[in-house]
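The values are calculated or read from the model by the stated rules, or taken from the named source; none is laboratory data. Keep in mind the model is a prediction, meaning the values are calculated, not measured. Ideal geometry is used to build each Cβ from the backbone, glycine not excepted, and the neighbour counts take in all protein chains shown. These area figures cover heavy atoms from the full protein model, side chains too; ligands, DNA and RNA do not enter into them. Shrake-Rupley method; radii C 1.70, N 1.55, O 1.52, S 1.80 Å.
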Amino acid sequence: MATAVAERELLERGERLKREGVVIRTYDIWKTYVMGDQEIHAVSGVDLEIKRGEYVAIMGPSGSGKSTLMNLVGCLDTPSKGQYYINGNLVSELSDDELARIRNKEIGFVFQTFNLLPRASSLHNVELPLIYAGISSKTRIEMAKTAMRQVDLENRMDHKPNELSGGQRQRVAIARALVNNPSILLADEPTGNLDTATGNEIMALFDKLHQKGNTIVLVTHEHDVALYAHRVVTIRDGKVEKDEKTPRASAITTSQIS
């Protein structure tokens, strides 16, 4: 009986989070690794809430636990302890296959290294998540073309990665992340392999996507990049050290009031 009550409470919590527009919610999540006779707590009791439409940067130095937290938020790993809800679904208890389905449906990934198939066209690279989702060829192509238009690359659909600049390759990767209309756009050091000018162009594109209603979680160690977001969560020693709004968020709030 106690188990049935607990399960009902967990379901009700998920439904409430979804009603309140909470896309990401962690409750005291931990990630612990055993190395010999030592326990290493990479993430130590993190409580994090991100609502639909927010633009949040997760920042921290090397070894802070931010990459481990990103893997947990992105359903690439499971917590050792605690609960994690994404879009109202309790994902911390799911199997690997179930996590893969959640990743494909709910999360669009953008990585520093682009991760594009070198011999495939831009359009085919963007199509890939739709193939895994079992969507028909005709629908896939239309959805992929729409995503390419969102990143202003409709004139590069037939080009392969080696025929594109670094910034264009990252735009293809962003289009691939967008193609499934995910709940979250999760970007891990998206400007890390780009020069400053191209990096600024990519961050301007994230601004544009956020203004269209996308929820963006940006993982970075660069302070200047983090300040593009409207909220910065700083991780140190596996814990949330600070969670604060940026000057950009304050400026938008001021302009809305005036």
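Data table
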{"quantity": "Cβ pairs under 9 Å, 6+ apart, first in segment 51-67 and at pLDDT 95 or above, second aromatic (F, W, Y)", "calculated": "Y55/F206; Y55/Y228; A57/Y228"}
{"quantity": "In segment 158-181, the residues that are open to solvent by less than 20 Å² (accessible area, probe 1.4 Å) and farther than 13 Å from L194 by Cβ", "calculated": "P161, V172, A175, A177, L178, V179"}
{"quantity": "Pairs, first in contact (Cβ under 8 Å) with a residue 60 or more places away in the chain in segment 2-29, second open to solvent by 90 Å² or more (accessible area, probe 1.4 Å) and part of a loop (DSSP other than H, G, I, E, B), C-beta under 9 Å, six or more apart", "calculated": "L10/E93; V22/R52; V23/R52"}
{"quantity": "When residues of segment 207-223 are limited to those that are touching a helix residue (DSSP H, G or I) at 6+ places or on another chain (Cβ under 8 Å) and either over 20 Å from K105 (Cβ atoms) or assigned to a helix (DSSP H, G or I) (or both), the one most open to solvent (accessible area, probe 1.4 Å)", "calculated": "H221"}
{"quantity": "Within segment 18-36, tally of residues that are over 17 Å from the mean Cα position of the chain (by Cα) and in a loop (DSSP other than H, G, I, E, B)", "calculated": "2"}
{"quantity": "Selection within segment 161-201 - touching a helix residue (DSSP H, G or I) at 6+ places or on another chain (Cβ under 7 Å), in a helix (DSSP H, G or I) and among the hydroxyl-bearing types (S, T, Y)", "calculated": "T198"}
{"quantity": "Residues satisfying the stated conditions in segment 37-60, i.e. part of a loop (DSSP other than H, G, I, E, B), surrounded by fewer than 17 Cβ atoms within 10 Å (Cβ to Cβ) and among the acidic types (D, E)", "calculated": "D37"}
{"quantity": "Lone unmet requirement of (1) under 17 Å from the mean Cα position of the chain (by Cα); (2) among the hydroxyl-bearing types (S, T, Y); (3) in a helix (DSSP H, G or I) for Y228", "calculated": "(3)"}
